[in-house]
1. Does LEU31 satisfy the criteria of being crowded, with 19+ Cβ neighbours inside 10 Å and in a helix (DSSP H, G or I)?
2. Checking VAL11 against (1) of a type in the set (Val, Ile, Thr); (2) at pLDDT 95 or above; (3) crowded, with 19+ Cβ neighbours inside 10 Å; (4) out of contact with any strand residue (DSSP E or B) (no Cβ under 6 Å at 6 or more places or on another chain), which test does it fail?
3. Any residue that is touching a residue at least 60 places away in the same chain (Cβ under 8 Å), outside any strand (DSSP E or B) and either among the acidic types (Asp, Glu) or farther than 22 Å from GLY282 by Cα (or both) - is there at least one of those in region 83-100?
4. What are the residues in region 256-302 that are at pLDDT 95 or above, part of a loop (DSSP other than H, G, I, E, B) and either more than 16 Å from the ligand (Cβ to nearest atom) or polar (S, T, N, Q) (or both), if any?
5. So, of the residues in region 136-184 that are of a type in the set (S, T, N, Q) and out of contact with any Gly (no Cβ under 8 Å at 6 or more places or on another chain), which turns out to be farthest from the ligand (Cβ to nearest atom)?
6. Which one of the conditions (1) modelled with pLDDT of 95 or more; (2) under 20 Å from THR159 (Cβ atoms); (3) surrounded by fewer than 16 Cβ atoms within 10 Å (Cβ to Cβ) does LYS71 fail to meet, given that it meets all the rest?
7. Quick one: how many residues across region 108-119 are surrounded by fewer than 13 Cβ atoms within 10 Å (Cβ to Cβ) and within 15 Å of the ligand (Cβ to nearest atom)?
8. Testing THR204 on (1) closer than 30 Å to THR90 by Cα; (2) in contact with a strand residue (DSSP E or B) (Cβ under 9 Å, 6 or more places away or on another chain), one condition comes back false. Which one is that?
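The values are calculated or read from the model by the stated rules, or taken from the named source; none is laboratory data. Note that the structure is a prediction, hence the values are computed from the model and not measured. Glycine also receives a Cβ, built like all others from the backbone with ideal geometry; neighbour counts cover every protein chain displayed.
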Amino acid sequence: MLQSSADNHGVVSTSAERTPAGAILLDGNRLRDETVVRLRGEIAAAGDPPVCLATVLVGSDAPSRIYVNMKHRKATEAGMESRGIELPDTATQAEVEAAVAALVADDGVHGILVQLPLPAHLDPEPVLALLPPEKDVDGLTDRSLGRLVRDLPGHVPCTPLGVMRLIERYGIATQGQRAVVIGRSTLVGLPQVLLLGRRGCDATVTLAHSRTDDLIDVCRSADIIVAAAGQAHMIGVDHVRPGATVIDVGVSRTEAGIVGDVDFDAVQAVAGAITPMPGGTGPMTIGCLLENTVAAARMLGAL
Ligand code: GUN
């Protein structure tokens, strides 16, 4: 269901692109680009102080490298500095922790992102524990997640925040609506439940996962489905009540290439609004990383 445009940040539901069957396309590339332009304007309006995002990439995983490069590219477009620290596959726990500690101590760095997963011989927990909440622009540390649970100011994990930004931008009604989140990761599913259910958004949220019985029935009760289980094309037309909003956070590598959790071609025929894949939640993760970095600079008094 769509809310009226008046209370929704310039809703574009009438001008939005639509799928062949008429569902509103929740265009993450477009909203990411709008976010980049807005942030560039905010930095310029503050007199162009340096705002710096630092990333830490350990090892040679090709997709991680592509993601990190994209983050740097978009940070530059938004008028930020970006610093990329790269360590080899053979890096020790102490070396990774020392690299992160140096960025924490550097007043010229406002946001720090440690690309996950780390190589298998490394433990991410002591690495993440080094990040102070102000610089934790991924919102993944126990302190940031605790602040989210307690509704205190802090950074919110970028992917679920990006989902919320799409919902706001396209005027998807949430108050009193039923939302189902599929997947219980700390990166996406758990914070997504909190964001959808918290005051102001006010959805009635169900957390589904791999052991949920009757997933089709659970999903069919939903006005909003956020699929974040990482199972290729697990959400088909049977899962979706006509007119529901379907948001795909899944990324699976298959023989047919990278696919989401949602069978887009089938589901777009019944959904009221749907994210494309690619071009939906992925770009918004980067948009929200940049948003969090500007917020970090503000928290640290640099902006
Ligand atoms: N790997 C895949 N997604 C993410 C993300 O949002 N943040 C980090 N740090 N690593 C990731």
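1. Yes; evaluated as a whole, the condition is true for this residue.
2. (2)
3. Scanning region 83-100, I find no residue that is touching a residue at least 60 places away in the same chain (Cβ under 8 Å), outside any strand (DSSP E or B) and either among the acidic types (Asp, Glu) or farther than 22 Å from GLY282 by Cα (or both), so the answer is no.
4. Correct list: ASP263, GLN268, ALA269, VAL270, ALA271, GLY272, THR275, PRO276, GLY279, LEU300, GLY301, ALA302.
5. Checked region 136-184; the qualifying residue farthest from the ligand (Cβ to nearest atom) is GLN175.
6. LYS71 satisfies every listed condition except (3).
7. First, the residues of region 108-119 that are surrounded by fewer than 13 Cβ atoms within 10 Å (Cβ to Cβ): 108, 117.
Still in the list and also within 15 Å of the ligand (Cβ to nearest atom): 117.
Number of matching residues: 1.
8. Only one criterion in (1) closer than 30 Å to THR90 by Cα; (2) in contact with a strand residue (DSSP E or B) (Cβ under 9 Å, 6 or more places away or on another chain) is unmet by THR204, namely (1).
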